[in-house]
Amino acid sequence: MTDTVEVRKPDDPREPAARNTDGTFARLTDPRATCGIIQARLNLCESAHAITETAMRLATIPVSETTDSTDELLKQANNLLNQAEELVQRTVIYQRQRKATWHSIGETLGTKAESAQRRYGKAEQDAKDRIAKGALRTMEEEQNQLAANLDSQHSINKKDAVQNGVKRLRFLATLDVLRIEAESREKDLKDLHQAEQLQRIYEHLATLCRELFFLDRNATKWSDDADAMNDRAHELRSYIREQSMKPPS
């Protein structure tokens, strides 16, 4: 990636960047893509919470209920049905943000890919347009506030909190992109500048794995992954140093 862009902080694990030959930084990931994933997942959470509240009202029999209350119960039941359809739609949008194909979505829903795309394609595009047009910082702040609101309503303990889930998902989304980027650059490693950029990618990957290690309460997998990424970064540093010391041919 060679485009020069403004990055909020070159060492931010959520917005990793590689140094260009002119000393500027090029972003390695698309923060709007991650923002879209988070927004879709939060919208899904919000719909599920609304369904829970409606279902709980239907699941109880208040002492004030009379035979004249049946119209209201039917309205609530119909509302639950509409909310469930909205939840399916928002789940489809989330799956599409995570690169699911229409074929796999259609298969899960028991329909053809074309039918699934006709039914949910416009809603998916509208969601993408909102992310593309919105101010990134403002959207992230609103996402954090929505996560906090959801936590205040239903979080049982801190580990299960939506806010923690949002933070973790942001790291995972960036990790997925960087792993693909590293694999691609490993196949096309030709000069010292490319080696320096690849080294930086592995350093970012190690940082992300460490963040996930603490979020997942010291999960061994992330510790092992961080060590592997650091080892590869060290190999590249050694290679760069050796090549830099060679006299020009």
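Since every read-out is calculated from the coordinates, none of them should be taken as a lab result. Owing to the predicted nature of the structure, the values given are computational and were not obtained by experimental measurement. Note that we place each Cβ from the backbone using ideal geometry, even for glycine, and neighbour counts take in every protein chain shown.
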Exercise. Taking interchain pairs and intrachain pairs at least six residues apart, which have beta carbon atoms under 7 angstrom, with the first residue in region 171-199 and within 22 Å of residue 215 (Cβ to Cβ) and the second assigned to a helix (DSSP H, G or I) and of a type in the set (D, E, K, R)?
Worked result: 171/211
Exercise. Pick from 131, 105: which is closer than 12 Å to residue 35 by Cα and either surrounded by fewer than 16 Cβ atoms within 10 Å (Cβ to Cβ) or hydrophobic (A, V, I, L, M, F, W, C) (or both)?
Worked result: 131
Exercise. Do the conditions hold for residue 179, that is, is it surrounded by fewer than 18 Cβ atoms within 10 Å (Cβ to Cβ), charged (D, E, K, R) and within 20 Å of residue 42 (Cα to Cα)?
Worked result: no
Seminar exercise, completed: If we keep only residues of region 212-239 that are of a type in the set (Phe, Trp, Tyr) and more than 20 Å from residue 195 (Cβ to Cβ), then the residue surrounded by the most Cβ atoms within 10 Å (Cβ to Cβ) is 222
For this session: Go through the residues of region 47-55 one by one and say whether even a single one is more than 28 Å from residue 142 (Cα to Cα), under 28 Å from the mean Cα position of the chain (by Cα), of a type outside the set (Val, Ile, Thr) and assigned to a helix (DSSP H, G or I).
Result: no
For this session: Among the candidates 101, 54, 91, 67, single out the residue that is of a type in the set (S, T, N, Q) and touching a residue at least 40 places away in the same chain (Cβ under 8 Å).
Result: 91
Exercise. Of the residues that make up region 96-108, is at least one hydrophobic (A, V, I, L, M, F, W, C) and touching a helix residue (DSSP H, G or I) at 6+ places or on another chain (Cβ under 7 Å)?
Worked result: yes
